[in-house]
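Below you'll find the structure, written out as structure tokens, and then a few comments.
Just so it is clear, none of the values below were taken in a lab; they were calculated from the coordinates. Just so it is clear, the structure is predicted and the values come from calculations on it, not from any experiment. Here the Cβ is made from the backbone with ideal geometry for all residues, glycine too, and neighbour counts use every protein chain on show.
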Amino acid sequence: MKIASLSFCIACLIHIGLFAQSSNTAIRQREFIYEKAPTPECHASTIAETPAGLIASWFGGTYERHPDVGIWVSHHSKTGWTTPVEVATGVQPDGKRLPCWNPVLFQIPNGELLLFYKVGPSPSTWWGMLKRSKDNGNTWSEAERLPDGILGPIKNKPVLLPSGVLLCPTSSEDHNWRVHFELTRDWGKTWEKTAPINDGVTNGAIQPSVLFHKNGELQILCRSQKLGFIQEAWSKDGGKTWSALQKTSLPNPNSGTDAVTLKDGRQVLVYNPTSPVNGKSGPRTPLDVAISNDGKTWKTLAVLENEPGEYSYPAVIQTADGLVHITYTWKRQRVRHVVVDPGKI
């Protein structure tokens, strides 16, 4: 017991050392999007760069699954983040209100800003919704319900392929945890859908993020249900078919991750580097940023959080100036925004 405690303390000291070292070099800015919370709880943030600047979104309400949970947005201006505004709810035609979930923002090049989200009592019964903005997220269209069976990007951002196809990484939880992909060539007006790439029985996975590689291959990194590690798969044909899911060396406590390919070809991953405990979800702290040249071997770029609490469900993008912007859930109370300079390694 003493040896185990000592090992834990040594691990903590190492991690704190990494935090102090990396924080002074890679992290440019750390801030809350809002100080006064508009709702008791929040979760599942997303971030995008528009022609007018950054915009972030998340779901918020009394608590996750509560019918009053809606979709909120805030814009980054010269004076900081604007007061959050609720832009979507789950109110149905009969007046009944259902919870909203997992917003995902995507800026069409020289076009509209898309806001995907889900509505429904639970992840096994929800459906996909979409709103559009022509003015960088200041005003929004009426909500569109996506076709039956189409959920939209489930947590992490879609990616635009060289072919002009918008590839939406998604997953379902109605028959085990299964990963699939949805493709649109006209910004969400018509859709195609792939079959699941896993059966979810022995390798349940959800919430993929897509990475690009110099040889033209695509890679996904997924949240794992039971294996205790992030899972990956590879595609050589633009996301039409995928290899079988395999576990990586990256721990996963059954918590969401996100990743992005940088302009220089390196890969950045934001994740909780912990493992499940006694077969149940593990702690969602610390929260790390890792970087890789090949998507296989990773090293820590920065430690975003290492205190007790929940720091989870990150979203990550690279903006036109080369900086990396990350948002994530801070103790289910607020959304934190961090700016990381990938040139510091």
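Sort CYS168, CYS42 so that the residue with the fewest other Cβ atoms within 10 Å of its own Cβ comes first and the one with the most comes last. Before the final figure, lay out the partial values.
On the way: CYS168 29, CYS42 26.
With the fewest neighbours first, CYS168, CYS42 line up as CYS42, CYS168.
Any lysines with Cα under 19 Å of the LYS189 Cα? List them, leaving off those in the same chain fewer than 8 positions away.
Cα-Cα hits under 19 Å: LYS118, LYS131, LYS134, LYS157.
Distance between the C-alpha centers of segment 136-167 and segment 206-242? Whole Å please.
19
How would HIS175, HIS75 line up from fewest to most surrounding beta-carbon atoms within 10 angstrom? Spell out each step's value before the answer.
Numbers: HIS175 11, HIS75 20.
If I rank by nearby Cβ atoms, fewest first, I get HIS175, HIS75.
For segment 87-92, take each phi angle, set θ = phi - 60°, evaluate the Karplus expression 6.51 cos²θ - 1.76 cosθ + 1.60, and give the result in whole Hz per residue in order, putting x for glycine and proline.
With coefficients 6.51, -1.76 and 1.60, one gets 10, 8, 10, x, 5, 9 Hz.
In whole Å, what are the Cα extents of segment 210-262 along the three principal axes, biggest one first?
So the extents along the principal axes, rounded to whole Å, are 30, 24, 16.
Rounded to the nearest 0.05, what FRET efficiency do SER275 and THR79 give with R0 = 45 Å and r taken as the Cβ-Cβ distance? Could you check?
According to the calculation, E is roughly 0.60.
Quick one: VAL85, VAL179, fewest Cβ neighbours within 10 Å first, how do they rank?
The order, fewest Cβ neighbours first, is VAL85, VAL179.
Suppose R0 equals 22 Å. What FRET efficiency, 1/(1 + (r/R0)^6) with r the Cβ-Cβ distance, do ASP237 and THR319 give to the nearest 0.05?
0.15
Scale the Cα Rg of segment 251-345 by the rule-of-thumb value 2.2 N^0.38 Å and send over the ratio, two decimals.
Taking the Cα Rg and dividing by 2.2 N^0.38 Å, one obtains 1.06.
What percent does the relative contact order of segment 33-145 come to when contacts are Cα pairs within less than 8 Å and at least six residues apart?
20
How large is ³J(HN,Hα), in whole Hz, for each residue of segment 43-54 in order, when computed from phi with the Karplus curve 6.51 cos²θ - 1.76 cosθ + 1.60 and θ = phi - 60°, using x for Gly and Pro?
5, 6, 7, 9, 9, 8, 9, 9, x, 9, x, 6
If R0 is 35 Å, what FRET efficiency do you get for SER124 and HIS213 from their C-beta distance, rounded to 0.05?
With R0 = 35 Å, the Cβ-Cβ based efficiency is 0.60.
Give the share of C-alpha pairs in each 5 angstrom bin for segment 88-216, from 0 to the last occupied bin, in whole percents, shortest bins first.
Pair shares across the bins are 2, 10, 19, 23, 19, 14, 8, 3, 1, 0, 0.
Calculate the spin-label point distance for VAL201 paired with ILE345, positioning each point 7 Å from the Cα along the beta-carbon direction, and give it in nanometres.
In this crude label model, ILE345 to VAL201 measures out at 3.9 nm.
Calculate the translational D of the chain in whole µm² s⁻¹ from Stokes-Einstein, where the hydrodynamic radius comes from the Kirkwood formula applied to all Cα pairs, the temperature is 10 °C and the viscosity 1.306 mPa s.
D = 78 µm²/s.
Work out the P(r) tail for segment 33-145: percent of alpha carbon pairs separated by more than 21 Å, whole number.
Taking all Cα-Cα pairs of segment 33-145, the fraction more than 21 Å apart is 33 percent.
Going 7 Å from the Cα of ARG145 in the Cα-to-Cβ direction, what parts of segment 63-85 have a backbone nitrogen less than 12 Å from that spot?
Residues passing the 12 Å test: none.
When the Karplus curve 6.51 cos²θ - 1.76 cosθ + 1.60 is applied with θ = phi - 60°, which whole-Hz ³J(HN,Hα) does each residue of segment 335-344 get, with x for Gly and Pro?
Along segment 335-344, the couplings run 10, 9, 10, 10, 10, 10, 9, x, x, 8 Hz.
Around PRO99, what is the net charge, scoring Lys/Arg as +1 and Asp/Glu as -1 over all other residues with Cβ under 14 Å from its Cβ?
Result for the local shell: 0.
Check cross-link reach from LYS296 to the aspartates and glutamates: straight Cα distance under 13 Å, and skip same-chain residues fewer than eight apart.
GLU232
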